[in-house]
Amino acid sequence: MSNDQGPATCVAGPLTLRARWQAIPAVWRGTLYGAFAALCYSFTNAGLRQVATRTDLEWACWVAGWKVIPTAVAGMTLMGVMMWQGRAVWPPAGILWTLVANGLLMQFLGNVLFQFGLSRAGLALSVPLCFASLIIMSALLGRLVLGDAIRPRTVLAMGLLILAVVLLSQGTRAATQPGAVSWVDAVWGAAAACGSGIGFSISGVVIRRSLRQGITISVVLGISATVGILPLLLAVGRVGWTPLADVLSPANQFALLSAGVLNAIGFFSVSEALRHLPVVRVNLINASQAALGGLMGVLMFHEAPSWWLATGTIVTISSLIVLGTQDEST
């Protein structure tokens, strides 16, 4: 009787989609998440520009509040699922209050100012200006708070971005439509767009630090986004529901809803990118919105093109190329 059973074989089943995704190097996964977030945010900005029909601060608070509701609903729903599964949800008190403060800062210094900038300076200028200040501040804060290195190429790119801010600010006069807001109002809008970049950069650092501390994305976004509904409540308390709601046509209601949903998807995607990449590199990937924002502003909303705008956008993209070709291992 023969005991020869031949060589043992192990037949591996086909890799699941999740396993294939996890097999991709982390740096490439982070890059793909960041690129997808940039695409979502670009269409979000187009929707927000569609509803930028008023230039007052209450309207900016109203729109910013509605924009964040889908993110809050998604985050809180996932937190509820985690609680139902018996998993720990609520972070320590110190981190919890940090996330609450982050939500307020992200909304008032980030989203509200950005919406205010859209209504004054337009899409073609607001997006590049926002990202110019965002990348500069994220590089500095990443170094000071997270210990991320600032390399010579980073300094060069930041210099290019400062130049881009100057060029795009000069383009404010050309991009202001006749009979619309005054040039002074447009300058205020450009300043608001730059301020929003600072707010978003601080928020990005807080999110990355929270993820490093083991807090899940659902908890980070659920808490921050829920607190972010406050501007909407303040706007309603100041001028009432009807004067704000009646301004939105059915088309604008759809645009605002779409912007909120795409913002939620982009928010989760960019937070996942922050798990794998430094803050400044994630924001550099997101800076592709500068070119998309300018293109959408001119083609979709008939914002006046100018040589200042074209040159400023080219300089912004050049800074992205400088940092994008940087070797992280050196």
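Derivation of every value follows stated rules applied to the coordinates shown; laboratory data play no part. In this text, all values refer to a predicted model and were calculated from it rather than measured experimentally. Here the Cβ positions follow ideal geometry from the backbone for every residue, glycine too, while neighbour counts run over all protein chains shown.
Using the count of nearby Cβ atoms within 10 Å as a rough guide to exposure, how do 56, 148, 185, 246 rank from fewest to most?
Details: 56 12, 148 20, 185 16, 246 8.
In order of increasing Cβ crowding within 10 Å: 246, 56, 185, 148.
Based only on Cα atoms, what Rg/Rh ratio does the stretch 197-297 have, Rh being taken as Kirkwood's radius?
Values: Rg = 16.3 Å, Rh = 15.8 Å.
The Rg/Rh ratio comes out at 1.03.
In whole angstrom, the stretch 29-92 maps to an equivalent ellipsoid with semi-axes of 30, 19, 9, each derived as √(5λ) from the alpha carbon gyration tensor and ordered largest first.
Highest first, please rank the peptides 18-25, 89-96 by the mean number of other Cβ atoms sitting within 10 Å of their residues.
Ranked by mean Cβ neighbours within 10 Å, highest first: 89-96, 18-25.
Under Stokes-Einstein, with the Kirkwood radius over Cα pairs standing in for Rh, what whole-number D in µm²/s applies to the stretch 49-167 at 37 °C and 0.692 mPa s? It comes out at roughly 192 µm²/s. The alpha carbons of the stretch 28-324 give a radius of gyration and a Dmax of 18.3, 59 Å, in that order. Label sites at residue 155 and residue 242, each approximated as a point 7 angstrom past Cα along Cα to Cβ, lie 6.2 nm apart. Residues in the stretch 40-51 carry Karplus couplings, in order, of 4, 5, 4, 6, 4, 4, 5, x, 5, 5, 4, 9 Hz; the curve used is 6.51 cos²θ - 1.76 cosθ + 1.60 with θ = phi - 60°, and Gly or Pro positions show x.
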